[in-house]
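K.L.:
Starting off with a structure, shown below.
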Amino acid sequence: MQQRLSSDTSALGRAYDVVVVGSGYGGGVAASRLARAGQSVCVIEKGKEFLTGEFPSRLPEIRRELQLNGARLRSGSPTGLFDFRLGADIHVLVGCGLGGGSLINAGVALKPDARVFADSAWPGEVRSDGLLELGFARAAAMLRPQAYRDAASLTKYRALEAASAAFDVPPVAAPVVVSFEDVVNPAGVAQPACTLCGDCCSGCNVGAKNTVAMTYLPDAKAYGAEIFTELSVSHVAKRDGGWRVHFAPSDDRERDAGFVDAKTVVLAAGTLGSTEILLRSRENGLGLSDRLGERFSANGDIIAFALGGSERVNAVGVGHPPKFVGNAVGACVAGQIELADCEVLERSMILQEGVLPSALAPLLPVFFIAGGRLLGAAQSLIKGVYHGPLSHLHTFFVVSHDDAGGRIALNEGKAEVQWAGAGDQPVYARVDDALTKAAQAVGARYIKSPLVATRVGTKPATAHPLGGCGMGEDAASGVVNHKCQVFDGKETNGVHAGLYVCDGAVIPRSIGVNPLLTITALAERAMVHLARDHNLGFDDGSRLRQELNQALS
Ligand SMILES: Cc1cc2nc3c(=O)[nH]c(=O)nc-3n(C[C@H](O)[C@H](O)[C@H](O)COP(=O)(O)OP(=O)(O)OC[C@H]3O[C@@H](n4cnc5c(N)ncnc54)[C@H](O)[C@@H]3O)c2cc1C
Ligand code: SF4
């Protein structure tokens, strides 16, 4: 039986060697590595813990897990799994729960084009000290990305193959952090094989997705880390040569519930969360770089649709236990078309086929009728999305590049992305063009957004927020250095001893691939540096060492 990882808040101590704030990829890496290095570690996570089987699988459940946060609109529980930030210029979706975005993502794990790291936006050491490769190998050893061997047998993969005629570039199977066979993973957790149910983006109720909650966090717990959920960190402050972390219950942020002290604090609350905490810390007197909040990128990330083709796609999840027994759907992403531009990196894009979660199935006909786009959607409403026209719905995820020109600022104490003209970034026109061609190749109509008739549907949206605490050579160019240490803003290279940011916030530009592997690799790299700087050693354990050797060979 799966063990809960989190403890009751009453067990929270007054002081630890390390407090990790947030529990996505960056937080998971920090907690696991520093616990293995013999540090007393406390993890504080804003969201709830979900065990396998507890993820939303019906519409009312998914509604309960939806939080909308915008200047004019706040609704839903502050611990809802799907945290939508509605902005005036761009919307952002992030995961909220023990495991962060890993709980609701598609799990595609890709390394960026080498030209991404050649950009001077990164501090030189990232390129030169050889530890980035080690970081990628360590990330791969724990998360174990692999392509589904029989990807080409899936209907949705074949539909992508048909669409690829538009580019003369065949699709390839996409590596995803999914266990396709029963396994005991490097953290010692037994995971059953993926049932190809397609519900990865509403949470895996099988236990086959290699989330942070299945890998790094149980590993951290096994080495003594204490994990607390439903607590929201407001800010950090210097205290007696260390740090004081202030928090409140997530459902009552007005109440200053308390604080916990630590020699080292790793902020890993995600791009919006970590930047928000530092912005509030600055309001409370902490000196920081003036670059804080800048270089926000949406990573050219787009979700769009095509409908009306003659062939079935089967790209709506069936869930677990299955709501419909027919063709296997496949993990959320099984295939991708890599459209690399050898001359201009920014024009490169990757087009992936995706799956919508089964819990949304009852809504899909309504979405498409409301937009007036789907003749015959009523038929789908009656027959269900697994038989009617919606079984021909293509879902595309695209990832590419923008100019990282957004800025995260506080609006009534909450992070908000400001990016005038975000929708005019050239990437959106390029993607529209590519998807229009892909849709035409399968005789379907491109649908940019089924919500286009609403105010929400006219703005770009991303599930890959990056930046805000970008790496730089010094405080004039970045918020953290190449080791993820936070610049103190006073001297060119001076840092706050013991304060780190380890998550998507440190990435100073778009990376053109789904970001989980890069975030994990950069966090692994930062932990190697931290261990070296403090004379600590990781105990990698035999299973992990074996995987690591494989990943490095
Ligand atoms: C639907 C969807 C699909 C995606 N698909 C893919 C994919 O296929 N491949 C890929 O590479 N990426 C994908 N992503 C993106 C990827 O999941 C994120 O980039 C990644 O999770 C970010 O990791 P992180 O460590 O930066 O932070 P997160 O994973 O966002 O974790 C941050 C954690 O900190 C917590 N937190 C925030 N504020 C506070 C606070 N004040 N106090 C305490 N805790 C706090 C949050 O609740 C969260 O749990 C997807 C994302 C979504 C939403
Ligand atoms: S397809 Fe289903 S079983 Fe497989 S990883 Fe995704 S949610 Fe889990």
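K.L.:
Just to confirm my understanding: which cysteines in the chain have no other cysteine beta carbon less than 4.7 Å from their beta carbon?
P.N.:
42, 96, 194, 197, 201, 204, 342, 469, 484, 502
K.L.:
Residues with amide H under 5 Å of residue 147's amide H, sequence separation 5 or more or different chain, H placed in the peptide plane at 1.01 Å from N; which?
P.N.:
Residues meeting the criterion, in which the H sits 1.01 Å from N, are 176.
K.L.:
Right, another one. Which three lengths, in whole Å and largest first, does region 397-553 cover when its Cα atoms are put on their principal axes?
P.N.:
Answer, in whole Å and largest first: 60, 44, 25 Å.
K.L.:
Semi-axes, largest first, in whole Å: what does sqrt of 5 times each Cα gyration tensor eigenvalue give for region 40-196? Mind showing how you got there, number by number?
P.N.:
Working: eigenvalues 164, 118, 97 Å².
Whole-Å semi-axes of the equivalent ellipsoid: 29, 24, 22.
K.L.:
Report, in deg cm²/dmol and to the nearest 500, the calculated mean residue ellipticity at 222 nm for the chain, where each DSSP H run with n ≥ 4 adds -39500 (n - 2.57) and the sum is divided by the residue count.
P.N.:
Helix-only estimate at 222 nm: -7000 deg cm²/dmol.
K.L.:
State the answer as a single residue: which of 159, 217, 249 lies farthest towards the positive end of the charge dipole of region 133-272, with beta carbon charges of +1 for Lys and Arg and -1 for Asp and Glu, about the Cα centre.
P.N.:
Checking the options against the dipole of region 133-272, the answer is 217.
K.L.:
Holding the Cα-Cα limit at 25 Å, pick out from 111/263; 48/414; 48/238 the pairs that are longer than that.
P.N.:
With Cα atoms farther than 25 Å apart: 111/263; 48/238.
K.L.:
Counting only heavy atoms of protein chains, what accessible area per residue, in Å², does region 402-480 have with a probe of 1.4 Å? Don't skip to the answer; put the middle values down first.
P.N.:
Numbers: 3330 Å² over 79 residues.
Per-residue value: 42 Å².
K.L.:
So, for region 158-272, what is the accessible surface per residue at a probe of 1.4 Å, expressed in square angstrom?
P.N.:
Heavy-atom accessible area per residue stands at 36 Å².
K.L.:
Which of 296, 76, 273 sits closest to the plus end of the dipole of the chain, meaning its Cα is farthest towards the positive end, when Lys and Arg get +1 and Asp and Glu get -1 on the C-beta?
P.N.:
The Cα lying farthest towards the positive end belongs to 76.
K.L.:
If every alpha-carbon in region 427-505 counts as one equal scatterer, what log10 I(q)/I(0) does Debye give at q = 0.14, 0.15, 0.20, 0.27 1/Å?
P.N.:
Values returned for q = 0.14, 0.15, 0.20, 0.27 Å⁻¹ are -0.65, -0.67, -0.83, -1.19.
K.L.:
Calculate I(q)/I(0) for region 190-254 by the Debye formula, one identical point scatterer on each C-alpha and no solvent, and give its log10 at q = 0.13, 0.18 Å⁻¹ to two decimals.
P.N.:
Relative scattering, expressed as log10 I(q)/I(0), comes to -0.62, -0.88.
K.L.:
Quote the FRET efficiency, to the nearest 0.05, computed for residue 3 versus residue 118 with a Förster distance R0 of 41 Å and r equal to the Cβ-Cβ distance.
P.N.:
About 0.40, to the nearest 0.05.
K.L.:
With the contact rule set at Cα under 8 Å and sequence spacing of 6 or more, what percent relative contact order holds for the chain?
P.N.:
Once normalised by length, the contact order is 23 percent.
K.L.:
Looking at the square roots a ≥ b ≥ c of the eigenvalues of the Cα gyration tensor of region 484-553, which shape do they give, rounded for a/c under 1.5, prolate if a/b is larger than b/c, or oblate? Provide the component values of the computation, followed by the final result.
P.N.:
Numbers: a/c = 3.38, a/b = 1.36, b/c = 2.48.
It comes out oblate by the Cα gyration axes.
K.L.:
Of all trypsin sites (Lys or Arg not before Pro) in region 392-466, which ones are in loop regions per DSSP and have a Cβ with at most 15 other Cβ atoms within 10 Å? Write out the running numbers ahead of the final one.
P.N.:
Values: sites: 407, 414, 430, 437, 445, 448, 455; in loops: 448, 455.
Here the trypsin sites (Lys or Arg not before Pro) that fit, given the DSSP loop and packing criteria, are 455.
K.L.:
On full extension of the chain, what length is gained from residue 310 through residue 490, given 0.36 nm per residue of separation minus the C-alpha to C-alpha distance?
P.N.:
On the way: separation 180, 0.36 × 180 = 64.80 nm, distance 6.30 nm.
Answer, rounded to one decimal: 58.5 nm.
K.L.:
Right, something else. Report, largest value first, the span of the C-alpha coordinates of region 202-329 along each principal axis, in whole Å.
P.N.:
For region 202-329, the Cα spread along each principal axis is 66, 37, 27 Å.
K.L.:
Here is a further query. Taking every DSSP beta bridge that has both residues in the chain, what percent is antiparallel when rounded to the nearest 5?
P.N.:
70 percent
K.L.:
Please grab the % of Cα pairs in region 106-215 that end up more than 18 Å from each other.
P.N.:
It works out to 60 percent of all Cα pairs.
K.L.:
With the full set of protein chains in place, find how many percent of the accessible area of the chain is carbon and sulfur; take the probe as 1.4 Å.
P.N.:
Summing carbon and sulfur atoms, their accessible area is 51 percent of the total for the chain.
K.L.:
Here is a further query. Pull out a ≥ b ≥ c, the square roots of the eigenvalues of the alpha-carbon gyration tensor of region 32-105, then state rounded if a/c is under 1.5, prolate if not and a/b is larger than b/c, and oblate in the remaining case.
P.N.:
Working: a/c = 2.71, a/b = 1.59, b/c = 1.70.
Oblate shape, in that a/c is at least 1.5 and b/c is the bigger or equal ratio.
K.L.:
If you take the Cα Rg of region 465-515 and divide it by 2.2 N^0.38 Å, with N the number of residues, what do you get?
P.N.:
Its radius of gyration relative to the 2.2 N^0.38 Å reference: 1.10.
K.L.:
While we're on this one: On the Cα set of region 137-284, report Rg and Dmax in Å, please.
P.N.:
Considering region 137-284 through its Cα atoms, Rg and Dmax are 21.0, 64 Å.
K.L.:
How many Å² of accessible area per residue for region 1-130, probe 1.4 Å? Walk me through the intermediate numbers first.
P.N.:
Details: 4970 Å² over 130 residues.
Each residue of region 1-130 exposes 38 Å² on average to a 1.4 Å probe.
K.L.:
Could the peptides 22-30, 416-424, 482-490 be put in order, highest first, of the mean number of other beta-carbon atoms found within 10 Å of their residues?
P.N.:
The most tightly packed comes first, giving 22-30, 482-490, 416-424.
K.L.:
What aspartates and glutamates does residue 221 reach when the alpha-carbon gap must be under 19 Å and sequence neighbours fewer than 8 apart in one chain are set aside?
P.N.:
8, 17, 45, 49, 230, 524, 539, 540
K.L.:
Let me know the Kirkwood hydrodynamic radius for the chain, please, with Cα pairs as the basis and the value in Å to one decimal.
P.N.:
Numbers: mean 1/r = 0.0429 Å⁻¹.
Here the Kirkwood hydrodynamic radius works out to 23.3 Å.
K.L.:
Also: Where nothing but the Cβ of Lys and Arg (+1) and of Asp and Glu (-1) is charged, how large is the charge dipole of the chain around its Cα centre, in debye to the nearest 20?
P.N.:
Details: 52 positive and 57 negative charges, 207 e Å.
Roughly 1000 debye, rounded to the nearest 20.
The values are calculated or read from the model by the stated rules, or taken from the named source; none is laboratory data. Model, not experiment: these values are computed from the prediction. Every residue, glycine as well, gets a Cβ built from its backbone with ideal geometry; the counts of neighbours run over all protein chains shown. The accessibility values were calculated without ligands, DNA or RNA, using every heavy atom of the protein model including side chains. Shrake-Rupley method; radii C 1.70, N 1.55, O 1.52, S 1.80 Å.
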